[in-house]
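Structure, as structure tokens:
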Amino acid sequence: MNAEPGAIVASWLAGFERAVASPAGSVPGLFRADSHWRDVLALTWSIQTVSGAEKIGDALSRHLAHAKPSGFTIDSQRTPPRHVTRAGTKAIEAIFRFQTAQGCGSGVVRLFPEANGDAPRAWTLLTALDQLSGFEDATGKARPRGEAYSRDFRGPNWLDLRNSSAQYTDRDPSVLVVGGGQAGLSIGARLTQLGVDTLIVDREPRVGDNWRKRYHALTLHNQVHVNHLPYMPFPPNWPVYIPKDKVANWFEAYVEAMELNYWTATEFRGATYDEKERRWTVPLERADGTKRTLHPRHIVLATGVSGIPNLPEIPTLRDFRGKVLHSSQYTDGESWKGVNAIVIGTGNSGHDIAQDLYSSGANVTLVQRSPTLIVNLEPSAQLPYALYDEGPPLEDCDLITLSVPLSLAWKSHQIFTERAKQLDQPLLDKLERIGFRLDFGKEGTGWQFKYLTRGGGYYFNVGCSDLIVEGKIGLAQYSDIEAFVAGGARLRSGKTIPAELVVLATGYKGQEVLVRKLFGEAVAERVGPIWGFGESQELRNMFVRTGQPGLWFIAGSFAQSRIYSKYLALQIKATEAGVLPTRN
Ligand SMILES: Cc1cc2nc3c(=O)[nH]c(=O)nc-3n(C[C@H](O)[C@H](O)[C@H](O)COP(=O)(O)OP(=O)(O)OC[C@H]3O[C@@H](n4cnc5c(N)ncnc54)[C@H](O)[C@@H]3O)c2cc1C
């Protein structure tokens with residue numbers, strides 16, 4: 001490992017090239033026993049992780065004949081090979097490029113020193129498809145020339161073409177994207193860029209309303225450098241934490257600049273799939289009352305991780321005479337000034353709503369149902385994104401992020417969680433002293449895995465925990481509530497917490513419930529569980545072909561949406577081009 005990292009990586013890549021070119025057998029020798037190979041479309045047309053040298057050898061050998069990978073070389077245009085520490089382990093990390101029968105790809109390899117002085121073997125390998133041959137990204141020198149509207153002085157100009165394109169009066173979109181949040185915009189932009197005719201529909205009256213309608217003081221939780229949308233990064237003078245209305249207005253500008261076809265105030269209520277025609281029938285009603293039935297070949301559900309509100313069965317809530325709202329119905333604290341309020345649920349929504357009510361002059365008690373992970377927004381919640389502030393360009397950071405297999409991510413988040421615990425210790429001690437029950441996620445993996453498995457169960461502290469510690473917001477345990485009564489919640493101690501408002505910040509049902517509602521039982525059965533991890537090392541049914549032809553899912557953070565929209569778009573383009581069958 002004393003040699004120059006570039007030379008070590010070049011030597012490994014040359015060995016890998018020879019191994020994949022010859023009949024199987026020599027591949028396992030290049031990998032450590034505890035190694036992982038993650039392929040994102042390049043060889044397998046799926047997103048999958050294989051662990052262990054022998055299994056990697058087997059899996060690779062199954063795909064070599066049709067994928068024909070070759071030309072593995074360090075990518076001199078990107079971040080050069082370097083020593084890094086990932087998941088607490090020192091390794092050499094390098095970005096490389098290669099070709100396959102379908103297109104060109106990028107990858108990341110991490111090499112690990114051998115104790116006996118042998119040549120370093122691979123600890124992790126990522127192979128990801130970048131561009132599909134014949135359908136390369138029309139950017140930079142390949143940008144469109146605009147001749148269609150700039151040479152014929154009497155013909156339709158750019159605006160005429162844009163307006164008529166978005167109307168779909170005489171054609172159907174190939175893809176209907178349901179939901180125009182960050183996930184919908186990301187996949188809409190990627191598909192449009194690949195020349196796939198795409199329409200986004202959203203039930204909200206204005207692009208960006210998914211952010212605009214959130215609480216008054218909201219700024220994004222993650223720092224600006226990790227939150228960019230594809231193709232169009234936020235301007236360099238933007239604040240580190242972007243306010244919600246600024247994001248909302250950026251979404252509007254993005255739709256305009258990326259020439260996305262987007263129908264606002266259009267609710268998607270369901271669709272049926274015609275197996276013979278291989279297309280959907282989608283009845284839609286637009287804001288102006290016009291009814292349209294569209295026949296897209298693909299539907300991408302980008303309706304958010306949070307689907308249908310989860311309303312817990314609390315029989316005595318019927319006796320309560322005040323107002324009961326689910327967190328999704330809560331808009332602003334202004335109208336609750338001077339009111340006694342109970343907020344049930346201690347995830348992000350519960351805390352944020354409690355703080356919003358308190359700041360509006362309400363008298364609030366937060367009710368805890370189960371132990372919750374608390375992490376200060378800064379610096380603790382930002383620890384996992386340090387890479388994005390270290391210097392490599394965004395594209396390289398995204399590829400490096402993509403290259404982290406599940407088990408490394410697990411280990412990394414255990415380390416981040418432990419570090420956050422130390423940094424936040426004073427606050428956590430005070431919370432425990434007043435009876436707040438803390439939790440640090442499964443095996444101490446923290447908030448990220450709570451998000452990836454259940455979509456909640458944590459709070460990024462932007463001040464509410466401090467208000468609780470100071471006694472400005474009350475705290476009660478759900479198990480201490482005996483019953484709801486006309487004027488509030490009666491505790492087992494005999495005391496009553498007075499309330500005129502109860503907010504149920506009790507989360508959302510899984511996306512499979514939404515699929516059942518929108519597409520029916522048969523489609524829900526075919527698709528199965530969505531989000532979270534099952535047997536495999538990848539999120540279930542996200543960003544890949546599902547059991548239902550023509551139905552795809554995208555959701556998640558800005559970073560996830562930006563990264564995975566690229567690969568989801570490539571798959572849809574490949575099915576449209578006849579390169580990839582619509583079925584798994
Ligand atoms: C305070 C706060 C700060 C946050 N900060 C960050 C951050 O910094 N970075 C980050 O990555 N994430 C952040 N998040 C998380 C972020 O809100 C979610 O990850 C994000 O909204 C998910 O995006 P999405 O596009 O998947 O879904 P959403 O933003 O929920 O968008 C879904 C869209 O689908 C539409 N829709 C739903 N059903 C239908 C239907 N049937 N018909 C038509 N339209 C429909 C909705 O109207 C909505 O516009 C933050 C969240 C909060 C609360």
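The values are calculated or read from the model by the stated rules, or taken from the named source; none is laboratory data. This is a predicted model, so every value here is computed, not measured. Glycine gets a Cβ as well: all are built from the backbone with ideal geometry, and neighbour counts include every protein chain shown. Areas reflect the complete protein model, heavy atoms only, side chains present, ligands, DNA and RNA absent. Shrake-Rupley method; radii C 1.70, N 1.55, O 1.52, S 1.80 Å.
Selection over the range 496-538 of residues that are open to solvent by less than 30 Å² (accessible area, probe 1.4 Å) and within 13 Å of the ligand (Cβ to nearest atom) gives a count of 9. Scanning the range 181-200 for residues that are under 14 Å from His298 (Cα atoms), touching a helix residue (DSSP H, G or I) at 6+ places or on another chain (Cβ under 7 Å) and not in a helix (DSSP H, G or I) yields Val196, Thr198, Ile200. Residues in the range 108-122 that are more than 13 Å from Val84 (Cα to Cα) and in contact with a Phe, Trp or Tyr (Cβ under 7 Å, 6 or more places away or on another chain) were compared, and the one that is surrounded by the most Cβ atoms within 10 Å (Cβ to Cβ) is Ala122.
Of the listed requirements (1) open to solvent by 10 Å² or more (accessible area, probe 1.4 Å); (2) closer than 30 Å to Val247 by Cβ, Glu136 misses just one: (2). Checking the range 167-175 against the condition returns a match, with at least one residue being more than 16 Å from the ligand (Cβ to nearest atom) and assigned to a helix (DSSP H, G or I). Highlighted here are the strands (runs of 3 or more DSSP E) found entirely within the range 303-372 that include at least 2 residues which are within 28 Å of Phe440 (Cα to Cα), more than 14 Å from the ligand (Cβ to nearest atom) and touching a residue at least 12 places away in the same chain (Cβ under 8 Å): 340-344, 363-368. For Ala91, the conditions (1) without any contact (Cβ under 8 Å) to a residue 40 or more places away in the chain; (2) farther than 25 Å from Pro393 by Cβ; (3) crowded, with 18+ Cβ neighbours inside 10 Å; (4) not hydroxyl-bearing (Ser, Thr, Tyr) are fulfilled apart from (2).
On the given criteria, is Phe543 within 13 Å of the ligand (Cβ to nearest atom), under 22 Å from Leu408 (Cα atoms), modelled with pLDDT of 95 or more and open to solvent by less than 40 Å² (accessible area, probe 1.4 Å)? Break it down into steps so the answer makes sense when it comes.
Numbers: within 13 Å of the ligand (Cβ to nearest atom): yes; under 22 Å from Leu408 (Cα atoms): yes; modelled with pLDDT of 95 or more: yes; open to solvent by less than 40 Å² (accessible area, probe 1.4 Å): yes.
Here the answer is yes, as Phe543 does meet what is asked.
Taken over the range 282-302, residues that are farther than 30 Å from Pro581 by Cα, within 14 Å of the ligand (Cβ to nearest atom) and in contact with an Asp or Glu (Cβ under 8 Å, 6 or more places away or on another chain) amount to 1. Taken over the range 495-539, the criterion of being small (Gly, Ala, Ser), modelled with pLDDT of 95 or more and not in a helix (DSSP H, G or I) is satisfied by Ala499, Ala505, Gly520, Gly528.
Looking at Thr73, Thr85, which one is within 19 Å of Ser11 (Cβ to Cβ) and of a type outside the set (Lys, Arg)? Of Thr73, Thr85, the one residue that is within 19 Å of Ser11 (Cβ to Cβ) and of a type outside the set (Lys, Arg) is Thr73.
From the list Glu470, Glu482, Glu443, which one is in contact with a strand residue (DSSP E or B) (Cβ under 7 Å, 6 or more places away or on another chain) and acidic (Asp, Glu)? Walk me through how you get there before you give the answer.
Working: Glu470 fails: in contact with a strand residue (DSSP E or B) (Cβ under 7 Å, 6 or more places away or on another chain); Glu443 fails: in contact with a strand residue (DSSP E or B) (Cβ under 7 Å, 6 or more places away or on another chain).
The unique qualifying residue is Glu482.
Every listed requirement among (1) open to solvent by 30 Å² or more (accessible area, probe 1.4 Å); (2) assigned to a loop (DSSP other than H, G, I, E, B); (3) free of Cβ contacts under 8 Å to residues at least 40 places away in the same chain is met by Ala65 save one, (2). Across the range 68-88, the number of residues qualifying as open to solvent by 30 Å² or more (accessible area, probe 1.4 Å) and assigned to a strand (DSSP E or B) comes to 7.
For the range 308-340, give me the residue count where each residue is of a type in the set (A, V, I, L, M, F, W, C) and either open to solvent by 30 Å² or more (accessible area, probe 1.4 Å) or within 19 Å of Ala217 (Cα to Cα) (or both).
Taking the range 308-340 and keeping what is of a type in the set (A, V, I, L, M, F, W, C), we get 308, 311, 314, 317, 320, 324-325, 336, 339.
From the residues that got through so far, the ones that are either open to solvent by 30 Å² or more (accessible area, probe 1.4 Å) or within 19 Å of Ala217 (Cα to Cα) (or both) too are 308, 311, 324, 336.
Residues meeting the conditions: 4.
Restricting to the range 204-226, name every residue that is more than 7 Å from the ligand (Cβ to nearest atom) and either open to solvent by 30 Å² or more (accessible area, probe 1.4 Å) or assigned to a loop (DSSP other than H, G, I, E, B) (or both). Within the range 204-226, Pro205, Arg206, Val207, Gly208, Arg212, Lys213, Tyr215, His216, Ala217, Thr219, Gln223, His225 meet the criteria.
Scanning the range 12-42 for residues that are open to solvent by less than 10 Å² (accessible area, probe 1.4 Å) and on the phi > 0 side of the Ramachandran plot yields a single hit, Leu41. Among the numbered criteria (1) surrounded by 22 or more Cβ atoms within 10 Å (Cβ to Cβ); (2) aliphatic (A, V, I, L, M); (3) farther than 22 Å from Thr303 by Cβ, which single criterion is violated by Leu568? Answer for Leu568: the failing condition is (3).
Filtering the range 227-263 to residues that are of a type in the set (Ser, Thr, Tyr), more than 12 Å from the ligand (Cβ to nearest atom) and buried (at least 20 other Cβ atoms within 10 Å of the Cβ) leaves only Tyr254.
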